[in-house]
Amino acid sequence: MRKGLEQTVKLARRSIYLHIQPYFAACQWAHRILRGRCPRTCAWVAACFILASCAQLQPTPSPEQRTGAPSHEPSAPRAAVPTPETPTGWRQRGRISHYGNAFAGKPTASGDTFDPEGLTMAHRTLPFGTLVRVTNLENQQSVEVVVNDRGPFVPGRIADLSSAAAQRIGMMVDGVVDAVLEVLQPSKVR
């Protein structure tokens with residue numbers, strides 16, 4: 001019983017040390033900056049640094065997001081972006097990858113639960129519910145998937161497929177392949 005208590009005390013001390021250590025480091029840093037001035041001032045400056053490091057910054061909205069009007073600032077050229085009512089036959093060519101199974105059971109951007117065995121896809125701009133044919137350009141195999149998530153967030157990639165969809169077009173070994181996306185049926189979700 002006493003041994004268990006000693007271990008609990010030891011863990012509590014370690015936990016307290018880990019939580020207080022940043023405060024002491026900030027105090028030392030503040031003391032160096034203030035060059036030996038009042039210790040209370042150093043403590044207050046250190047506390048401000050700690051509180052500032054805990055803050056979560058929100059990104060500043062773009063002019064379009066603030067006012068709803070288009071921005072007149074120059075921007076880099078962008079790929080063709082589909083409208084909310086993407087026409088049947090709209091195509092996009094680029095590199096695609098597949099989701100890892102680590103996302104299984106987690107919610108997607110559309111609110112659906114991610115199922116690696118479902119034939120689904122993540123795309124940055126296509127509306128949720130859009131039916132898309134994905135063709136692997138290396139072997140010409142294709143699969144029909146439904147957009148239910150946003151992504152990928154890796155530069156140079158245009159879509160992420162579920163594991164089942166990736167297996168159907170033979171891309172599990174390579175992981176990333178060149179493909180063509182073609183809208184078969186626009187989203188019915190409004």
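For region 148-157, enumerate the residues that are crowded, with 16+ Cβ neighbours inside 10 Å and closer than 17 Å to residue 93 by Cβ. Spell out how you get there, then give the answer.
The initial filter retains those residues of region 148-157 that are crowded, with 16+ Cβ neighbours inside 10 Å, namely 148-152, 157.
Matches in region 148-157: 152, 157.
The conditions of being surrounded by 19 or more Cβ atoms within 10 Å (Cβ to Cβ) and under 17 Å from the mean Cα position of the chain (by Cα) are met by residue 161. The residues of region 105-143 that are outside any loop (DSSP other than H, G, I, E, B) and closer than 21 Å to residue 175 by Cβ, listed by number, are 120, 121, 122, 123, 132, 133, 134, 135, 136, 142, 143.
Here, each number is a calculation from the coordinates, and none is a lab measurement. The shown structure was predicted, so the numbers you read here are calculated from the model rather than taken from an experiment. No Cβ is skipped: glycine too gets one built from the backbone with ideal geometry, and neighbour counts run over all protein chains shown.
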